[in-house]
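Written out below as structure tokens is the structure these notes cover.
The values are calculated or read from the model by the stated rules, or taken from the named source; none is laboratory data. Just so we're clear, the structure is a prediction, and the values are computed from it rather than from any experiment. Neighbour counts are summed over all protein chains in view; Cβ atoms, including those assigned to glycine, are modelled from backbone coordinates with ideal geometry.
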Amino acid sequence: MLALRFYGVGDIRVENIPNLRYSPNEALVKVKYAGICGSDLHIFKKGMFVKSTPITMGHEFSGVIEAVGSEVSELLPGDHVIGDPRVSCNNCKWCHAGSYNLCPELGFMGEVLPGCFAEYIVIDSKKLFKIPSDINLKEAALVEPLAVVLHIIQNSNLSHSDAIGIVGAGPIGLLTLLVVQEFYSKKVTMIDISSIRLEKAKILGARKILQKFPTNSSERVDVVIETAGCEETLNNSFRWLNPQGKLIMCGLYENNIQIDPNDILYKELKLIGINAYDTEDIRKAIELLSNKCIKVGSIITDVLPLSEAVKGFELLTASEKKSIKVLLTS
């Protein structure tokens, strides 16, 4: 079968690999759509997270059950599913409490186990979620990033009166915009260096779009959701916040950075770190898609066959980013 495999920094290859075998408690899933995530780009550019190579990449997917092991009773061939790609130790106090995203040994499929950029994936049946037939499989591939956004929102303790700034108009930033506008506040300002991505944010309803951080204190915000993950945007986010504001940090950092902590002290800012999601966030994401509350399909810009997966990475690492969410299909 075809799979996209990571061999080293900048070295990804679509190649034929042997067909997969599944154990009694696993399911064989025909991957229909798989999304290229920001963390996949971190792997491609820096080799982050990967334990050994080569490895089949990818962790966001939707698919159809092809076959199940002899001990699987809750799923049947033909069921539409999405997967929970978190790989935790299951032994620490956080795993015992169900907070798998806080496991010190946390990894993901596509990093520590074979991922979904392939025609098929084998996965523990308990890590699969059956999805209603009223959710199309293309949008279902975005359940996982939507779960990330719901975890961001859940931990942000937003109020309807908050002025909110979102840094980064990539998939997580735009999905956050959609959720915040639907349930909390229409007062959202979006910052990104890409005019194309900002235009998408405007279409999706952002009150204001900016390519630079404002310097006027009258344009400060109460909450900044920082999805870009770089030194400059983090330090500017401190300056952008009102006193006693909140900075929600959800962007991964490729490089070591330096920060100026004085704004944190002077303004008594609150910093909140976000890591992935919990199981309930996945269930809520499925429910939101089933209820047609969040139009996740609006951020999908490209759908490429798996055979052209390398092109997807080229689109998302180009100096001028015209693509936002790229899906692979097989």
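Tabulated results
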quantity: Filtered residues of region 262-282 (kept if polar (S, T, N, Q) and under 14 Å from the mean Cα position of the chain (by Cα)); calculated: 275
quantity: Breaking point among (1) of a type outside the set (Phe, Trp, Tyr); (2) surrounded by 13 or more Cβ atoms within 10 Å (Cβ to Cβ); (3) out of contact with any His (no Cβ under 7 Å at 6 or more places or on another chain), for residue 243; calculated: (2)
quantity: Some residue of region 298-316 being farther than 30 Å from residue 16 by Cβ and touching a residue at least 40 places away in the same chain (Cβ under 8 Å); calculated: yes
quantity: Residue list for region 154-179, restricted to those being at pLDDT 95 or above and in a helix (DSSP H, G or I); calculated: 171, 172, 173, 174, 175, 176, 177, 178, 179
quantity: Filter result (closer than 19 Å to residue 145 by Cα, of a type outside the set (A, V, I, L, M) and outside any loop (DSSP other than H, G, I, E, B)) within region 109-129; calculated: 127, 129
quantity: Every pair of residues 6+ apart whose Cβ atoms lie under 8 Å, when the first sits in region 161-173 and is closer than 24 Å to residue 301 by Cα while the second is among the acidic types (Asp, Glu); calculated: 167/192; 167/226; 168/192; 168/226; 169/192; 170/192; 173/192
quantity: Qualifying positions in region 151-199 - among the aliphatic types (A, V, I, L, M) and at positive phi; calculated: none
quantity: Members of region 61-108 that are among the hydroxyl-bearing types (Ser, Thr, Tyr), farther than 23 Å from residue 146 by Cα and in contact (Cβ under 8 Å) with a residue 40 or more places away in the chain; calculated: 70
quantity: Number of the exception - residue 327 against (1) in contact (Cβ under 8 Å) with a residue 40 or more places away in the chain; (2) of a type in the set (A, V, I, L, M, F, W, C); (3) outside any strand (DSSP E or B); calculated: (3)
quantity: Hits in region 43-79 (condition: within 15 Å of the chain's Cα centre (by Cα) and closer than 19 Å to residue 142 by Cα); calculated: 57, 58, 59, 60, 61, 62
quantity: Test set (1) surrounded by 24 or more Cβ atoms within 10 Å (Cβ to Cβ); (2) not in a loop (DSSP other than H, G, I, E, B) - residue 139 fails condition number; calculated: (1)
quantity: Filtered residue count, region 91-114, keeping only those that are at positive phi and either at pLDDT below 95 or of a type in the set (Lys, Arg) (or both); calculated: 1
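Each row is one residue, and each column tells you yes or no for (1) modelled with pLDDT of 95 or more; (2) in a loop (DSSP other than H, G, I, E, B).
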residue	(1), (2)
48	no, yes
51	no, yes
58	yes, yes
63	yes, no
76	yes, yes
